[in-house]
2 protein chains.
Amino acid sequence: MDTCPPLPAFRADCPSRVVVDVLANKWVLYVLALLQKSGNPLRFNELRHLVDGVTQKSLTKTLRTLERNGLVDRRVYAAVPPRVEYRLTDLGREAAPLLAAIDSWAAQNTPAIVEARASFDTASGRA
Amino acid sequence: MDTCPPLPAFRADCPSRVVVDVLANKWVLYVLALLQKSGNPLRFNELRHLVDGVTQKSLTKTLRTLERNGLVDRRVYAAVPPRVEYRLTDLGREAAPLLAAIDSWAAQNTPAIVEARASFDTASGRA
DNA sequence: CAGCATCCTTCAAGATACTG
DNA sequence: CAGTATCTTGAAGGATGCTG
């Protein structure tokens, strides 16, 4: 049930597949990594500006998905103006470092990737 | 250049953003994780069957992307029938464990996620 | 402030057929 | 075997306007 030996989630009918589908997403990665690095709960508009380039619609959808999958806790405060805070759940606190690690690795290895890309493009572009 | 303090890749104009965009992908995760767990090079159709559910088109595109970004090496053998092997580059060998870790975590925590999801759905579905 | 609703575009992915 | 080419669909994402 919880594992699909020998290779988790590679089979389409494996339950963990849907979990990977949730996590292997750009905005999910940014939101979880940011909530972790922040250490504090973040409000909707805080996330909106921290996750540069995300639209309100995409962020809403991302946060709903994370909430639905038990990775993020959405807390609404009865106040005017409205105040909604998002924080990692215990489950989210486990997953976030895995995604943050990808962001860190990406940042460190961007030059190598950019170089590989340029090399590939020139090799393909010309004979 | 390589880092965007204090939060890598969260700004849209940060170069590492494109690297995250490559890695935060379902098929990329599976291909890299499989190549790592295999330890050996894998042929196109081997990957096609191991990554259950991927279409030939999507796999081709995924592999091209990985090759272009220096994560996978594509080796063609002049033979009949044609033989093409894919293996991790040094860069790919660094990145793969990070993605494999997500797959493992997903497999281990699927029950919790499924439960959270059911809980959320019943709470939303009814008053 | 934190969203939901709507419209519209685009572009990624599936199905299918063909080739070096 | 390992792809490429084409067609079609449908879901993701942007823009805009409105609301509790």
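The values are calculated or read from the model by the stated rules, or taken from the named source; none is laboratory data. The structure displayed is predicted, hence computed values, not measured ones. Here the Cβ is made from the backbone with ideal geometry for all residues, glycine too, and neighbour counts use every protein chain on show. SASA here: full protein model, heavy atoms, side chains in, ligands and nucleic acids out. Shrake-Rupley method; radii C 1.70, N 1.55, O 1.52, S 1.80 Å.
No other residue among A:84, A:80 is open to solvent by 60 Å² or more (accessible area, probe 1.4 Å), over 16 Å from residue A:39 (Cβ atoms) and either out of contact with any strand residue (DSSP E or B) (no Cβ under 7 Å at 6 or more places or on another chain) or not small (Gly, Ala, Ser) (or both) apart from A:80. The residue that is farthest from DNA strand D (Cβ to nearest atom), counting only those in region A:31-49 that are loosely packed, with under 14 Cβ neighbours inside 10 Å and part of a helix (DSSP H, G or I), is A:49. Residue-level check: of (1) touching a residue at least 40 places away in the same chain (Cβ under 8 Å); (2) more than 10 Å from chain A (Cβ to nearest Cβ), residue B:97 misses just (2). Every condition in (1) open to solvent by 30 Å² or more (accessible area, probe 1.4 Å); (2) under 17 Å from residue A:22 (Cβ atoms) holds for residue B:105 except the one numbered (1). Against the criterion of being within 7 Å of chain A (Cβ to nearest Cβ) and either within 22 Å of residue A:22 (Cβ to Cβ) or open to solvent by 30 Å² or more (accessible area, probe 1.4 Å) (or both), residue B:52 qualifies.
Please verify whether region A:50-69 includes one or more residues that are in contact (Cβ under 8 Å) with a residue 40 or more places away in the chain and not in a helix (DSSP H, G or I). Yes, there is a match, as at least one residue in region A:50-69 is in contact (Cβ under 8 Å) with a residue 40 or more places away in the chain and not in a helix (DSSP H, G or I). Across region B:1-19, the number of residues qualifying as modelled with pLDDT of 80 or more and farther than 23 Å from residue B:74 by Cβ comes to 2.
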